[in-house]
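*Asks:* Here you go, one structure.
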Protein chains: 2
Amino acid sequence: MSKPPASSTPPRPRARLHAPVDLTGAAARLEGGQAHYLRNVLRLPAGSVVALFNARDGEYAAEVADYGKHSVDFRLVARRRAPMREPDLWLVFAPIKRAHLDFVAEKATELGVSALWPVLTRHTNVERVNEDRLRATATEAAEQSERLSVPDVKPCVTLAQALANWPKDRNIVLCDEGGGGNAIAAVLAKEDLTKPWAILTGPEGGFSAEELDMLRKRADVRPVGLGPRVLRADTAAIAALAVFQSIAPDADKKPRFAPT
Amino acid sequence: MSKPPASSTPPRPRARLHAPVDLTGAAARLEGGQAHYLRNVLRLPAGSVVALFNARDGEYAAEVADYGKHSVDFRLVARRRAPMREPDLWLVFAPIKRAHLDFVAEKATELGVSALWPVLTRHTNVERVNEDRLRATATEAAEQSERLSVPDVKPCVTLAQALANWPKDRNIVLCDEGGGGNAIAAVLAKEDLTKPWAILTGPEGGFSAEELDMLRKRADVRPVGLGPRVLRADTAAIAALAVFQSIAPDADKKPRFAPT
């Protein structure tokens, strides 16, 4: 018979779940798909310990207390990590076909975006975006990558609508496959990356000439090039995010694993 | 009736195929899967124009002359692009599960690697690598991304074997999720990126302590960090490649589309 772990060592959580509920009290309840997942997929018995997190409260160890018909109740055991926000970096992107969209949502979440915003452009050939699916993909990526927040998924609008109400203090990195910009690393080296930013990428067919013209004229747009290679739309989004984060103010910090 | 295009405008190629054969003569033949693809998938009639390319000869417009039982014969019409090599950058990576492996091969090819080399590490939980599949994925990505070369896929060996025969002049960017390195952009800014390089990434479970210790002791290894976010193995590989290429000597060049 194997020895039980010493009581001073907290058990390693069996799952890590985003919990959009208050975690500062003695108990919490999750409903719907998350309850189903713990009971019917992971089959966790009462007494199992999981990690629950959200951006406001941080991350907590939580013990499964009881299952309801469509819910699960937890006893909150201990705080594992204090709340912490991701840098304020949006990815604004023309939606692409589904598998690539899932991929962009997953990788952008790992790379620390604070918001995902699909926008329709002239050459976008996707008719509608399943925002719930985007949100689910981003939530799962946050759960698996030790993030404490889930990126905000903004409702899909046209590029013109997005720019008409654009926030004053947020500059835009325009991934300009038309060759209108200098190398991304050189351009960003001259900018203040502690401020809010957005990275904007086009559809598979690229931005139209009119869109590029309109974008390049804006004072808040920085057109950049991603080098001599022809990148797919999804690759361009991920490459631009990776480069931005590699010179962002927190680039020299080490990975933040939760205690196990 | 629509007017036929003026004879001075060459027709846009109906497909772009890697052709590992001599393209400098008047004719060329492709066999097997590529012949099947043109005849049975694209159903291109004789007279259709495609683009054929390889690293040695460049890219050519080629007219389908005739189909054999398992082959297709072309008349070579005109050279579209002169040969050009990618920078000498290897991606050496612990193989991961299949969908993620396909993804790494595709994105790394777009991002311009000259070789893909799967290596088995202590915590690798993939038993064998389908090198033909890796090669097919890389070939398809090269065809779709206007590359003139297909990355070399090296036979899978252990990390120890790969390092035992490591070329003298090729430094290694070690993606060190253990926190042993400084920020990747800061580290690479001090290096000569015109020389041959390799980027080395670990498996989902990370490198073992012994592997990290052995790697960090080598004079040709530069341990780097990818920031405070926890990245999956595939994301780490793509992010490191994107950052490397963003400051590589050709980073300020514009995309190289072939004439259409």
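The values are calculated or read from the model by the stated rules, or taken from the named source; none is laboratory data. Nothing here was measured: the structure is a model prediction, and the numbers come from that model. When we count neighbours, we look across all protein chains shown, and the Cβ atoms used for this are built from the backbone with ideal geometry, even at glycine.
*Asks:* Of B:Ala61, B:Ala65, B:Ala35, B:Ala94, which residue is in contact (Cβ under 8 Å) with a residue 24 or more places away in the chain, among the small types (Gly, Ala, Ser) and assigned by TED's automatic domain parsing to the domain that holds B:Ser208?
*Replies:* Details: B:Ala61 fails: assigned by TED's automatic domain parsing to the domain that holds B:Ser208; B:Ala65 fails: assigned by TED's automatic domain parsing to the domain that holds B:Ser208; B:Ala35 fails: assigned by TED's automatic domain parsing to the domain that holds B:Ser208.
Just one listed residue meets the conditions, B:Ala94.
*Asks:* Sticking with this structure for a sec: With in contact (Cβ under 8 Å) with a residue 24 or more places away in the chain and assigned to a helix (DSSP H, G or I) as the only criterion, which of A:Ala186, A:Ala236 stands out? Walk me through it before giving the result.
*Replies:* Numbers: A:Ala186 fails: in contact (Cβ under 8 Å) with a residue 24 or more places away in the chain.
Within the list A:Ala186, A:Ala236, the selection yields A:Ala236.
*Asks:* State the number of residues belonging to the range A:116-135 that are part of a helix (DSSP H, G or I), surrounded by fewer than 16 Cβ atoms within 10 Å (Cβ to Cβ) and not acidic (Asp, Glu).
*Replies:* The qualifying residues number 1.
*Asks:* For the range B:218-226, state whether one or more residues are free of Cβ contacts under 8 Å to residues at least 12 places away in the same chain and not in a strand (DSSP E or B). Explain how you work it out, then say what you get.
*Replies:* Filtering the range B:218-226 for residues free of Cβ contacts under 8 Å to residues at least 12 places away in the same chain gives B:219.
Pick out the ones that are also not in a strand (DSSP E or B) and you get B:219.
Yes: one or more hits.
*Asks:* Which members of the range B:21-59 meet the condition of being in a strand (DSSP E or B) and within 22 Å of B:Ala136 (Cβ to Cβ)?
*Replies:* At the first step, the residues of the range B:21-59 found to be in a strand (DSSP E or B) are B:27-31, B:49-54, B:58-59.
If the condition is that a residue be in a strand (DSSP E or B) and within 22 Å of B:Ala136 (Cβ to Cβ), then B:Ala28, B:Arg29, B:Leu30, B:Glu31, B:Val50, B:Ala51, B:Leu52, B:Phe53, B:Asn54, B:Glu59 are the ones that fit.
*Asks:* Does A:Val157 satisfy the criteria of being buried (at least 20 other Cβ atoms within 10 Å of the Cβ) and under 30 Å from A:Asn54 (Cβ atoms)? Spell out the reasoning first.
*Replies:* Numbers: buried (at least 20 other Cβ atoms within 10 Å of the Cβ): no; under 30 Å from A:Asn54 (Cβ atoms): yes.
No; evaluated as a whole, the condition is false for this residue.
Table: residues versus (1) at pLDDT 95 or above; (2) more than 14 Å from every other protein chain (Cβ to nearest Cβ).
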{"residue": "A:Ile172", "(1), (2)": "yes, yes"}
{"residue": "A:Ile184", "(1), (2)": "yes, no"}
{"residue": "A:Trp197", "(1), (2)": "yes, yes"}
{"residue": "A:Ala209", "(1), (2)": "no, yes"}
{"residue": "A:Leu215", "(1), (2)": "yes, yes"}
{"residue": "A:Arg229", "(1), (2)": "no, no"}
{"residue": "A:Ala236", "(1), (2)": "yes, no"}
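*Asks:* For residues in the range B:186-195 being within 13 Å of chain A (Cβ to nearest Cβ) and surrounded by fewer than 20 Cβ atoms within 10 Å (Cβ to Cβ), which is farthest from A:Lys253 (Cα to Cα)? Give the derivation first.
*Replies:* First pass over the range B:186-195, keeping only residues within 13 Å of chain A (Cβ to nearest Cβ): B:186-189, B:193.
From the residues that got through so far, the ones that are surrounded by fewer than 20 Cβ atoms within 10 Å (Cβ to Cβ) too are B:186-187, B:189, B:193.
On the way: B:Ala186: 12, B:Val187: 14, B:Ala189: 18, B:Leu193: 24 Å.
Result: B:Leu193.
*Asks:* Give me a count of the residues in the range A:76-127 that are touching a Ser or Thr at 6+ places or on another chain (Cβ under 7 Å), within 14 Å of chain B (Cβ to nearest Cβ) and of a type in the set (Lys, Arg).
*Replies:* Number of matching residues: 2.
*Asks:* Looking at (1) at pLDDT 95 or above; (2) on the phi < 0 side of the Ramachandran plot; (3) assigned to a loop (DSSP other than H, G, I, E, B), can you tell me which one A:Pro5 breaks?
*Replies:* Answer for A:Pro5: the failing condition is (1).
*Asks:* Name, by its number, the condition in (1) more than 10 Å from every other protein chain (Cβ to nearest Cβ); (2) within 19 Å of the chain's Cα centre (by Cα); (3) of a type in the set (Ser, Thr, Tyr) that does not hold for A:Thr158.
*Replies:* (2)
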